[in-house]
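**Q** Quick one: the structure is below, questions incoming.
Nothing in this text is a laboratory measurement; each read-out follows from the coordinates by a stated rule. Given the structure is predicted, the values throughout are model-derived calculations rather than measurements. Here the Cβ is made from the backbone with ideal geometry for all residues, glycine too, and neighbour counts use every protein chain on show.
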Amino acid sequence: MNQTRTWDLHVHIVEKDRETTANILVTTDGGTVITGRGAAHRNPRDSDVPEIGDELAVARALSQVAGKLVDAAAHRISHTEQRTVKLGH
């Protein structure tokens, strides 16, 4: 079976003072929504390079989304197989 699916991913980044936050919204082709949030805090002694905060905050938000997807897959497998399944993150 060959299929192609498209999921939408939206990234919203806000930088305020020395803190950057990223919010991720993933919508599957079936309409399921998965969200994640990440933050980065710049040390006052560090150079002000916004891209670094963006990258770190987004990476942390994506990591949270990844964990939720793994948990959802484990739950779906457990339900389908009628046994407890644990998947590593």
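**Q** On alpha carbon coordinates alone, what is the Rg over Rh value for segment 8-81, Rh being the Kirkwood radius? Don't skip to the end; give the middle numbers.
**A** Numbers: Rg = 15.3 Å, Rh = 13.4 Å.
When Rh is taken as the Kirkwood radius, the ratio is 1.14.
**Q** Anyone know which of Gly36, Gly67, Gly53 comes out most mobile in the 10 Å Cα GNM of the chain?
**A** So, out of Gly36, Gly67, Gly53, the one fluctuating most is Gly67.
**Q** Hey, what do the phi angles of segment 65-77 turn into as Karplus ³J(HN,Hα) couplings, whole Hz, using 6.51/-1.76/1.60 and θ = phi - 60°, x for Gly and Pro?
**A** 4, 4, x, 5, 5, 4, 4, 5, 5, 4, 5, 5, 5
**Q** Another question, if that's okay. Take the Cβ-Cβ distance between Val70 and Arg45 as r, set R0 to 30 Å, and report the resulting FRET efficiency rounded to the nearest 0.05.
**A** Details: r = 36 Å, r/R0 = 1.22.
Result of the calculation: an efficiency of 0.25.
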